[in-house]
Amino acid sequence: MMEGFPETLSSPFLRLSFYTVALLLVVTTSATAQSYGLRFAGHEEIQDNRTSLDLTPEKPLCLNGNVELSFDVSLAASYKTYFGYIFRIIQDEKQNLDLLYDQKSLNFKMIIGERFSPSVIKLDSAHVFNHWNHFKLQLDLKNRTMSVYVNNKRVITDKIAFKESGCFRIFFGSNEFREFKSKDLPPMDIKDISLSENGQRIHDWPLNEVRGTTAKDELSGQPAVVKNPVWIKALHNEWNVADQFTLKGRATVAFDPASETVCVTGSDALYQYSVRNRQGVLQGQKTPPKSFFLGSQAVYNPFTARFYDYYVDQKAVSVYDPVSRSWTTETMTPSPVKVTEYWHANQFVSGLDSSLYILGGYGQLTYKNSIFRYHFASGKWETLPTRGDVFTPRYLAALGTTAQADTAYLIGGYGSLTGEQMVNPKSNYDLLQYVVKDNTFRKLYELKVPKTDFAFANSLVIDSKSKTFYGLIFPNQQFKSQLQLIRGSLSEPTYERVGHSIPYPFHDIHSYSDLYYCPISQKLIAVTLYRNEPNNTTDVKLYTISFPPNKLEVQTASVKPSSGSVWPWLLAGFAVGAGALVWRYVRTKRRSASKTELVPVFDNHPVTAPGSSSQALVVDPTPKASIFFFGNFQVLDHAGNDITKAFTPLLKELFLLLALNSIDKQRGLPSEKLNEILWPDKSGRDASNNRSVNIAKLRSILDKVGFCSLSKESGYWKVEFDFNQLYVDYERYVAIINNKAALTKQTIFELGEITKRGSFLLNTEYYWLDDFKADISNKIINTFLQYADKLSISEDPEFLIQITNFIFYYDPVNEDAIILKCKALSLMGKHTLAKNTFEKFVRDYKAIYGEEYEQSFSAIID
């Protein structure tokens, strides 16, 4: 195995067993999934970047009698160091009571002042990680005793040194409070912190935020303060870019679920990314596999623990030897065919006969429904006849298997009944079951045809026990596409959107996407490949999202819970014993460029800095009304409905004129100016009549939006906004730009999230709007650069790279940004990625300016 990665299991039998168990773990993670909470960064981060949660940031809590603190905790898997404080409770700034985890003994321990409690808390190692454990600390201050319960079982009873009454500071994770400060903490997840006094619950911090540095107390409204938060709900909502790079030539991708390693093969290099270690390694290779023609595909064989590349047209198979870092050809039939006729075919390795199965594909204007079988041990290729229901010719379908890979499920795709591209091609929405033993297809159901057609990324993740699958869909009739994760049923024609979308440039055989499941890390990983034909390079991007991903849905009615009621949002109900786990699902929004019904409208609320006039963290289940100026103009009313189409071209221009001249304390526009811009060819009376009619229409639309209205003061028309109830991204932009002296990492990130939606009023053109657009673009770029100049590259190179990416949205050939990005990548040791990034910049620079970029790569990173 390559240096920097965990050693794989040496025995093929053991690896196969692990492979089987790993796939079965999908069932477990479905039942024990974490969908909200706070993840604490521990020793894997430098001290300044570790997480702290202060429940008493302003003043201590004064308590007496019987006090109870409860919470759920889970240690985060796949880290090296697990040591430090879970919480510290300090009475009257003198006496401490602590819970810590000791990696050496694998126990939780209570510390009372300067001594350990003689009893320890030992939990089964399999249950400590990625499972919630309910801790409850009961303090009897009058009798100076404590009891600790874990999962409803009392594990510690001891005396404490606390006084009968006092004022308490409560910290989780690291803290900087006087002599009690500490940066020692294990990587862990915490949720549902509750505090009671004399049997009365007085504070409740569910930690169900998505962004920000405060956590709301659901009972008293008292905020807790978080430093360096990693919100678990965001991890289950949003795809994170794990890595991106460019390889020479074309590329193929495969996945080893045992070691959770993605392998990408290029013409002169092989890249492996360990999801578990969050680390990628790019290594050169002398020659690509001999099977490496246009359209070859890669696969991982769990029985031999090797990566393979195969090319159906020449019956060519090559295997990679990690020791010699070279490819060996196993079989090959010489043929003049150098471009495959089986693009985007589906594949799997069956546990019944240790063979590779290849289904469908496309090439030479023909869709395929053939099934090939390759037996690894004998090197024999076969074409299999099929039985049962019809498997129509197609490509761009998705396939997944059961744990033993004795049964495969294939869904969707694009093709035609005859296989001819010229004869009525269309999208398929059927789910087929393929039984390996009988070589038989059975049609299970057909999805309802959507308003906008979609195709699938290559693989499905199957959960046989719950009869569900996960897949990535995308509209295949457009280049600027989006991959949207769905969770569907294997027994009924239903599916739901989960997680946010992923940008995906789709250009048929130039693009490829796939989906894999990591059972130990509890993540899904999506991989996209895009081949730049003129440059003969392939752009590779890897994304991860925590599993199971959160369902994205809109609650259209607000139900205020009464005392003792359950939350109005029911995210998921998995049978666990006799109880049901009820989740309160708090909606936030983020950019989504796709306009199809596959992309949820209420996925747009960006980050809002604490204390700002517009809070984007939605704590009420009712979606807030929103107006988006960045990207395509979009208006959502107070019920969350998209009413953009209610704005006719004239009403849209009228609203934009008034809104842009009202926000940022502007006085609005006089009637004469409106007449001059909108009705220049009308007489004074006709212009006034037109203005009156359209003002009335606009009033009606704004009434539907809610929290905004038209007004006229001193002869000036303007739009009045209630930014506490109405989210307006332009207002947030103005607030950040106007306060450059107080720029923080959080506000810069918020500005980036706002502008990532697209340029200002994309696809909207008025002569009077040009100055607005130019001014906004310049201010955005200057703000990012101003903040970047204050940063030391070595202090936070990853965030500096993110800033440069924000800049490139508005200026793809910004010279300051490319210098910063290349220096940051080089500092992080990603020299190949830095060089590839620079080369792409040089190409773009020449395409835009028609001349070569003068500086060299070595010059800008010095």
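The values are calculated or read from the model by the stated rules, or taken from the named source; none is laboratory data. From a predicted model like this one, the values you see are computed outputs, not experimental measurements. Virtual Cβ from ideal backbone geometry, glycine too; neighbours counted across all protein chains shown. Heavy atoms of the whole protein, side chains included, go into the accessibility calculation; ligands, DNA and RNA do not. Shrake-Rupley method; radii C 1.70, N 1.55, O 1.52, S 1.80 Å.
Quick look at the values:
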| read-out | value |
| --- | --- |
| Percent antiparallel among DSSP beta bridges (both partners in the chain, rounded to 5) | 95 percent |
| Solitary cysteines of the chain, where the nearest other Cys Cβ is not under 4.7 Å | 263, 518, 708, 822 |
| Contact order normalised by residue count of the chain, Cα under 8 Å, 6+ apart, percent | 8 percent |
| Simple spin-label estimate for residue 672 and residue 142 in nanometres, 7 Å along Cα-Cβ | 8.0 nm |
| Probe 1.4 Å, all protein chains present, accessible-area order of 332, 146, 422, largest first | 422, 332, 146 |
| Nitroxide proxy distance, nm - points 7 Å out along Cα→Cβ at residue 494 and residue 115 | 5.9 nm |
| Which of 706, 123, 327, positive extreme of dipole for the chain (C-beta unit charges) | 123 |
| Per residue, in Å², the accessible surface of the stretch 119-254 once ligands and nucleic acids are set aside, probe 1.4 Å | 41 Å² |
| Net charge dipole size for the chain [Lys, Arg +1 and Asp, Glu -1 on Cβ; Debye, nearest 20] | 1140 debye |
| Accessible area of residue 427 in the full protein assembly, 1.4 Å probe (Å², nearest 10) | 20 Å² |
| Size of the chain as Cα extents on the principal axes (Å, biggest first) | 91, 82, 59 |
| Label point distance in nm, residue 688-residue 333, each placed 7 Å from Cα along Cα→Cβ | 8.7 nm |
| Residue list for the stretch 653-672, given a label point 7 angstrom along the Cα-to-Cβ vector of residue 714 and an amide N cut-off under 15 Å | 662, 665-671 |
| FRET E, pair residue 664, residue 93, Förster distance 41 Å, beta-carbon r, rounded to 0.05 | 0.35 |
| Helix runs (DSSP H) in the chain reaching 24 Å along axis by Cα, Kyte-Doolittle at least 1.0 | 12-32 |
| Shape call, the stretch 409-522: gyration tensor on alpha carbons, a/c limit 1.5 | oblate |
| Long pairs among 480/779; 451/704; 227/745; 480/523; 248/290; 59/216, criterion Cα-Cα beyond 18 Å | 480/779; 451/704; 480/523 |
| FRET efficiency for residue 778 and residue 325, using Cβ-Cβ distance with R0 set to 45 Å, rounded to 0.05 | 0.40 |
| Cut-off 10 Å between beta-carbons: net charge of the residues surrounding residue 92, Lys and Arg +1, Asp and Glu -1 | +2 |
| Candidates per trypsin sites (Lys or Arg not before Pro) in the stretch 279-338, loop by DSSP, up to 14 other Cβ within 10 Å | 286, 325, 338 |
| Per-residue HN-Hα couplings for the stretch 321-329 [Karplus 6.51, -1.76, 1.60; θ = phi - 60°; Hz; x = Gly/Pro] | 9, x, 6, 8, 6, 9, 9, 10, 7 |
| FRET efficiency, 1/(1 + (r/R0)^6) with R0 45 Å, evaluated for residue 445 and residue 151 via beta carbons | 0.65 |
| Of 233/448; 437/465; 740/823, pairs whose Cα-Cα distance is over 22 Å | 233/448; 740/823 |
| Residue 43 - accessible surface, heavy atoms, 1.4 Å probe, Å² rounded to 10 | 50 Å² |
| Of 368/551; 652/682; 122/551, those spanning more than 27 Å from alpha-carbon to alpha-carbon | 368/551; 122/551 |
| The stretch 155-238 - charge dipole about Cα centre, Lys and Arg +1 at Cβ, Asp and Glu -1, debye rounded to 20 | 220 debye |
